[in-house]
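See structure below.
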Amino acid sequence: MSTLPTLRALLIDELRGLYFVENHLIKAIPKLAQASEDAELKAAFEAHLKETRGHAARLQKAMKLLGAPIRAKTCHAILGLIKEGGEAVETKGPGAVRDANIIGAGQRVEHFEIAGYGTARSFAQALGYTKVADLLQATLNEEGAANDKLTTISATVNQVALGFAEVGFVTAA
């Protein structure tokens with residue numbers, strides 16, 4: 001159990017958790033890209049990997065602005081989400097179905113990050129740390145765009161995956 005006596009301490013704690021997240025995603029994203037059959041999906045993950053490296057650098061800058069030592073704090077939630085992503089990568093069956101599963105895993109991560117960055121930004125704004133809030137907002141914008149990109153790609157991937165519908169599957173009317 002940690003002691004967080006102030007909102008500033010809570011903000012730093014949140015930044016350290018996000019730093020852990022980004023550093024672990026830097027290792028996980030290439031596996032998602034490699035396993036993706038859809039060229040647009042593969043390219044989206046490769047582009048987001050570059051952004052993710054920038055997210056980690058922004059977090060370092062934010063911690064420096066706050067005079068806090070740059071270090072990560074274990075985030076157990078991302079470890080579970082990354083494990084789910086690994087399971088999606090190992091999906092057996094048609095590539096489009098695996099890609100749909102990978103997109104779902106990716107979007108769960110994006111939503112988690114959006115929540116974390118939004119929370120940290122709100123703390124920074126409340127504390128009057130405008131430069132920190134701006135750094136967090138820049139990352140929040142990129143995470144939202146990455147999620148939107150996955151949503152767009154899913155429209156195509158899901159249509160291809162529909163071609164592998166189970167025999168006898170009945171759709172709801």
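Since every read-out is calculated from the coordinates, none of them should be taken as a lab result. Since the structure is predicted, the reported quantities are computational estimates derived from the model, not experimental observations. Glycine gets a Cβ as well: all are built from the backbone with ideal geometry, and neighbour counts include every protein chain shown.
Miscellaneous remarks
- Local net charge near Val157, Cβ-Cβ under 11 Å (Lys/Arg +1, Asp/Glu -1): -3
- Cα long-axis angle, helix 39-65 against the chain (0 to 90 degrees, to the nearest 10): 10 degrees
- The charge dipole of the chain, taken about its Cα centre with unit charges on the Cβ atoms of Lys, Arg (+1), Asp and Glu (-1) only, comes to about 840 debye.
- Look at the dipole of region 7-161 built from charges on Cβ: of Leu41, Tyr19, Ile114, the Cα furthest out on the positive end belongs to Tyr19.
- Prolate/oblate/rounded label for region 51-139 (Cα gyration tensor, a/c 1.5): prolate
- The chain: angle of helix 130-162 to the longest principal axis, Cα-based, in degrees nearest 10: 10 degrees
- Relative to the dominant Cα principal axis of the chain, helix 95-127 is inclined by about 20°.
- Low-density loop cleavage sites - GluC sites (Glu not before Pro) in region 53-157, where at most 16 other Cβ are within 10 Å (DSSP): Glu90
- Which listed pairs, of Lys83/Lys131; Lys64/Lys149; Lys42/Lys131; Lys31/Lys64; Lys42/Lys92; Lys50/Lys131, have C-alpha distances above 29 Å, in listed order: Lys83/Lys131; Lys64/Lys149; Lys42/Lys131; Lys31/Lys64
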